[in-house]
1. Label points 7 Å out from Cα along the Cβ direction at residue 204 and residue 483: separation in nm?
2. Let me check I've understood the local charge: for residue 219, count other residues with C-beta under 9 angstrom from its C-beta, Lys and Arg +1, Asp and Glu -1. What total comes out?
3. Can you sort 140, 313 from fewest to most other Cβ atoms within 10 Å of each residue's own Cβ?
4. Kindly flag which residue pairs out of 235/289; 289/428; 69/380; 136/445; 368/469; 237/378 have an alpha-carbon separation exceeding 32 Å in this structure.
5. Roughly how many Å is it from the Cα centre of region 344-399 to that of region 438-493, as a whole number?
6. Based on the Cβ-Cβ distance of residue 421 and residue 72, what FRET efficiency does E = 1/(1 + (r/R0)^6) give at R0 = 22 Å, to the nearest 0.05?
7. Want the number for residue 401 to residue 375: 0.36 nm per residue separation, take away the alpha-carbon distance, what's left?
8. With each run of n ≥ 4 DSSP H residues scored as -39500 (n - 2.57), what mean residue ellipticity at 222 nm is computed for the chain after dividing by its residue count and rounding to the nearest 500 deg cm²/dmol?
Amino acid sequence: MREKTNPRRHFLKKTLALCVSGVLHFSVTTVAHAKRLTASLDNIKGKIIRKGDSNYKLWWASMVWYVFKPKLYPDLIIKAESDEDVIEAVNYARENGHRVSLRSGGHNPARAVLRDGGVLLDLSSLREVSFDDVEKTAWLQPGIRSEEFIELAREHDLAFPAAHTGIVPMGGYLLGGGLGWNWPGWDIACRSIIAAEVVTADGRKVMTSETENQDLLWAIRGAGPGFFGVVVRYKLKMFSLPKAILKSKYLVPIDNISTVIEELEKITRVKKNNLEILAVAGHFYPPNKPVEQQQLVCAVTAIAFADTDKEALSLIEPMTRSKISTMSILKKEEEEIVFQDLYIPPPTDFASPNRSIAENIWTDEPGKALQLLADRLKDKPPASPRSFVLTGWGVSPDKNDANSSFTYFADHYVSWYVMAEEEAHLEKNISWMNEAVNALKPYTKGHYVNEVDPRHFPEHIRACFSEEKWQRLAQLRLQYDPQNIFHTYINHS
């Protein structure tokens, strides 16, 4: 006689069997997924850091060099050691439905490398450089830092408009334009890119130059963090190393800034391109005091790049005989320096990690913009006294360049950097920045992609490009990255 089945016991046994089966299935699936993940990344020789790793938070923090970071976490950080690693990482991302963000060194003020999910591809270990002394060109990888590149170039009697801050890697700097040393004379850095090797979204490594894949070269010259590929190597046109460099620096009380502006407007009208002029408003005097004890001043720097002492003196002479010289509380005039001396850090460099938000404009009225921002620093200061305003005078030799995606909108550049000492300062700084951006609208002609903050001002990204160039970039993205593998600009699809 068949034993009578207890319905409740049967239900429990069946449920337990299903649970065990489910656990086993989950375990097998998880192990299988892990095996697939490991297998698909096996060819990568560089470091791979997963979100669940015990040291993930340390790696994540190192990807952006600023103190305050957005709480965005990629699934994987891949530190590439070769072109092959880059290709494998792109293929893995595409085949597994991940998007890719790129890092040369984490300097971008918008913290564009940090996105939620996907792959963060770190290129900072790609640092090879080679020179052709006859051709006066250089091939370099994106991870080499500006100061290191300039030192290597000096050994070949060559120079380049590398970043003003020495620790900035060349990759992202070049891709977004590059406002560097002697840029009035040597132009924006990206226009000196004459070829590049690019890993595209389909995992191919292709060459772009004036004769092949010209669209990619056009885009690389200024597209910035919205570029739809990975540049693993740039070829640059280099410049002869200046034989005579003179530098003059003046600190002027902030109450005299209107006179400084009048003098700079006169000088800019007559100066030659190889005279670079920067005027910075910030707390810099006296220089040996803590920043909270320093006075707000206007620091004016003029640098003449020449081949002879006579030429250098002639270039810098309009500054030497100006009222700026006579009303300075501290000055050092016509100092003879070599190119490497340009990287002796100014006070603004020490403040860099504390930048919480930054913005910029191209303008035809730099004096009005500088006066407005200096008044705000004085009368309604942001949270940190480290905050400062930078202006570049007479920096646009050619606005009508059809061979680059970079767009000049005006002859002068203004950027400002709002610092934070603690988390509580961040909201106050955003409010301060909103007011500043709105106040400067009458003087704004456009923006520079490497120093905008699209998290707070997404509309500024489009204003970094002419309408024609913006549309062409969008078309090229569809052509070269139809699956949207590479992250585009923050707050843009």
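1. 1.5
2. Working: positive: 221, 472, 477; negative: 215.
Net local charge, residue 219 excluded: +2.
3. Working: 140 24, 313 15.
Lowest count first: 313, 140.
4. Values: 235/289 44 Å; 289/428 26 Å; 69/380 25 Å; 136/445 35 Å; 368/469 29 Å; 237/378 43 Å.
Over 32 Å Cα-Cα: 235/289; 136/445; 237/378.
5. First find each Cα centre; the distance between them is then 22 Å.
6. On the way: r = 23 Å, r/R0 = 1.03.
My answer for the efficiency is 0.45.
7. Details: separation 26, 0.36 × 26 = 9.36 nm, distance 3.55 nm.
Roughly 5.8 nm would be gained on extension.
8. On the way: 15 runs with 163 residues, N = 493.
The per-residue figure over the chain is -10000 deg cm²/dmol.
Values quoted throughout were computed directly from the atomic coordinates according to the rules given, and no laboratory measurement underlies them. Please read all numbers here as calculations on a predicted model, not as lab measurements. Because the Cβ atoms are built from the backbone with ideal geometry, glycine has one as well, and the counts that use them run over all protein chains shown.
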